[in-house]
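**Student:** I'd like to ask you about the structure that follows.
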Amino acid sequence: MSTILGKDERIIKEATFTANLILFWLKANYTLTNKRVTGHTPNTLLGLIPLGKAQIAQPLKTIASVASSTKFSFLRLIIGVVFFVIGFSIMNSSIFGGGNTVDFGGCQYP
């Protein structure tokens, strides 16, 4: 990312990272200078289709605080475990799992 610097402005740090773990090829780029934070994050349509980017330019003097959080959803974990168990039970009863056999003229084929 090329940042146009102002008078007496210098780049302190540049960072590129994945903004979304599922869409790992979409990267967010941020630059910290001695006067501001600039960068862009890709936008998506319906959370899947890449569509443009959101650009920011924030002076350092206006940044009052920074917060970060991680959220864990117990309900989503339970739903995932249920689908995991259902998926394995379906695989166990399928032809690949060995549950069903087919009879062709007296010979059984798994």
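Taken together, the values in this text are just the output of simple stated rules run on the coordinates, not laboratory data. Everything quoted here is computed from the prediction, not taken from an experiment. Heads up, the Cβs are rebuilt from the backbone with ideal geometry, glycines too, and the neighbour counts pull from every protein chain shown.
**Student:** Taking the Cβ of Asn34 as the center, what net charge do the other residues with Cβ under 14 Å away carry, scoring Lys and Arg +1 and Asp and Glu -1? Present the calculation step by step, with values, prior to reporting the outcome.
**Tutor:** Values: positive: Lys7, Arg10, Lys13, Lys35, Arg36, Lys61; negative: Asp8, Glu9, Glu14.
So the environment of Asn34 carries a net charge of +3.
**Student:** Next question. Which number gives the lysine pairs in the range 1-68 that have C-alpha atoms under 13 Å apart and are eight or more places apart or on different chains?
**Tutor:** Working: Lys7/Lys35; Lys13/Lys35; Lys27/Lys53; Lys35/Lys61.
So the count works out to 4.
**Student:** With a sphere of radius 10 Å drawn around the Cβ of Pro59, what net charge do the other residues whose Cβ falls strictly inside it have (Lys, Arg +1; Asp, Glu -1)? Write out the running numbers ahead of the final one.
**Tutor:** On the way: positive: Lys35, Arg36, Lys61; negative: none.
Combined, the nearby Lys, Arg, Asp and Glu give +3.
**Student:** Let me ask something additional. Can you compute 3J(HN,Hα) from phi for each residue in the range 56-62, using the Karplus curve 6.51 cos²θ - 1.76 cosθ + 1.60 with θ = phi - 60°, rounded to whole Hz and x for Gly and Pro?
**Tutor:** Each residue of the range 56-62 in turn: 10, 8, 10, x, 5, 5, 8 Hz.
**Student:** Please work out the FRET efficiency for the pair Phe83 and Leu46, using the Cβ-Cβ distance as r and a Förster radius of 22 Å; give the result to the nearest 0.05.
**Tutor:** Values: r = 21 Å, r/R0 = 0.97.
The computed FRET efficiency comes out at 0.55.
**Student:** Hey, another quick one. Under 5 Å between amide hydrogens, which residues at least 5 positions from Gly39 or on another chain qualify, with H placed 1.01 Å from N in the peptide plane?
**Tutor:** Thr31, Ile56
**Student:** Okay, next question. Spelling out what I want: for every residue of the range 4-17, take phi, set θ = phi - 60°, compute 6.51 cos²θ - 1.76 cosθ + 1.60 (Karplus), and round to whole Hz; glycine and proline get x.
**Tutor:** Along the range 4-17, the couplings run 7, 8, x, 5, 6, 10, 9, 7, 9, 7, 10, 9, 10, 8 Hz.
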